[in-house]
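The next block holds one structure in the form of structure tokens; read it before the comments.
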């Protein structure tokens, strides 16, 4: 799994999983959409484009300095495998989203950015999964790295925007079989990636 298409596919899967799975940012997207319209939901959906750059730069800088230490890199990949396995399991047991937006105060783009900064998921993802994948892509060529980043954010942000549009027209979608089956299917793919990360981690330890 070292071809350019592999990194593009990785970006698509990780982006869709992050975009469709319930979490703090998706809650804000839904609440803003239902209370203030699709436009406000879309504003919250684009928050990762603003918040994630510092996270990526810090984790890339940290991991690049440790690239010569096989045991450390192996441990990071093993942690990534555990994190992906957890996300995969959560997706497989997903039964639909039933968020109580009445308890969520109206949020602006500013508060969406703050919420994403305080959300541990982006830090865990980029430290254990995103940055190792990006560094491997850079070893192949710049196109692979750029393709991974582009596909990841296209589908991460794009899927949240699409949900905002759909939910703006029908809240029932959150409980629909289409939404549930899509998330569960992504869970299976995430488990496959978890196995892949586990194998890479073991190789660095051998």
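The values are calculated or read from the model by the stated rules, or taken from the named source; none is laboratory data. Quick caveat, the model's predicted, so the values are computed rather than measured. Here the Cβ is made from the backbone with ideal geometry for all residues, glycine too, and neighbour counts use every protein chain on show.
For the reader, a short list of remarks on this structure follows.
- Among the residues examined, residue 85 qualifies as under 17 Å from the mean Cα position of the chain (by Cα), surrounded by 14 or more Cβ atoms within 10 Å (Cβ to Cβ), closer than 30 Å to residue 177 by Cα and at pLDDT 85 or above.
- Residue 191 vs. criteria touching a helix residue (DSSP H, G or I) at 6+ places or on another chain (Cβ under 8 Å) and closer than 24 Å to residue 36 by Cα: no
- Boolean, residue 33 is modelled with pLDDT of 85 or more and either in contact with a strand residue (DSSP E or B) (Cβ under 8 Å, 6 or more places away or on another chain) or crowded, with 21+ Cβ neighbours inside 10 Å (or both): no
- For residue 104, the stated conditions hold: it is surrounded by 14 or more Cβ atoms within 10 Å (Cβ to Cβ), within 18 Å of residue 38 (Cα to Cα) and at pLDDT below 80.
- Lone unmet requirement of (1) within 11 Å of the chain's Cα centre (by Cα); (2) without any contact (Cβ under 8 Å) to a residue 12 or more places away in the chain for residue 48: (2)
- Condition met for residue 143 (in a helix (DSSP H, G or I), at pLDDT 90 or above and closer than 23 Å to residue 195 by Cα): no
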